Every structure is written in C-alpha cells, then in structure tokens.
Amino acid sequence: MVSTKIASLRSRSRQRQLNSLQKTVDEWNQKHPVGTLVKISNGAGIVTQAPTSAPAMLLTKTTPVVWLKGVHNYVALSRIVVV
C-alpha cells in the first residue's frame, strides 16, 4: 500500500513536470512563428544565427527544442536567443 502511494505521488509529480515543459513549448510557439531569427553559440563560443524551420516541440518528454534552418540537429530552447 505504501509503494502504491509513492508510485502515485511520483506519477503526479512527473505529470506536473510534463505539463510545465509543454507549457514552455506552447508559449514559445505562440510568441515565435516558424521563421523567427535566433542565435545560438556552441561550447567554443562560435555564434550561429538562423531562422527556425519548424514549431518547437517536446523531445522525448524531457527537453523543449526547435529545429533551425541549416542546422542539422535540434537545439534546446534554453540555448536560443531571439534576434
């Protein structure tokens, strides 16, 4: 019975986290249409500027991301600065 309560608490906590992450994605998409110009920098300090090429999405239920034109990988919203 105790393990059932713990599992239920974890499940509710995870659902709140997913809701929060999805809210981040929804707010980004509402404010920034596809084609929004953004910049990112890599670990070496090289800055890349590019437009978004798709709406933001939640990657594997853990990270809000967006695709950029000419960049061959998704980028976490937390690493993006709107120009």
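The values are calculated or read from the model by the stated rules, or taken from the named source; none is laboratory data. Note that the structure is predicted; figures quoted are calculated from it, not measured. Backbone-built Cβ (ideal geometry, glycine too); neighbour counts: all protein chains shown. Note: areas computed on protein heavy atoms with side chains; ligands, DNA, RNA excluded. Shrake-Rupley method; radii C 1.70, N 1.55, O 1.52, S 1.80 Å.
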Positions within region 64-83 being in contact (Cβ under 8 Å) with a residue 24 or more places away in the chain and open to solvent by 80 Å² or more (accessible area, probe 1.4 Å), in sequence order: R79, V83
Counting only residues in region 47-58 that are of a type outside the set (A, V, I, L, M) and over 22 Å from Q22 (Cα atoms), the one least open to solvent (accessible area, probe 1.4 Å) is identified as T48
In this structure, does N29 turn out to be under 11 Å from the mean Cα position of the chain (by Cα) and either at pLDDT 85 or above or open to solvent by 80 Å² or more (accessible area, probe 1.4 Å) (or both)? yes
Of the conditions (1) without any contact (Cβ under 8 Å) to a residue 24 or more places away in the chain; (2) open to solvent by 40 Å² or more (accessible area, probe 1.4 Å), K61 clears all except one; give me its number. (1)
Sort out for me the strands (runs of 3 or more DSSP E) sitting completely within the chain that have 3 or more residues that are basic (K, R). none
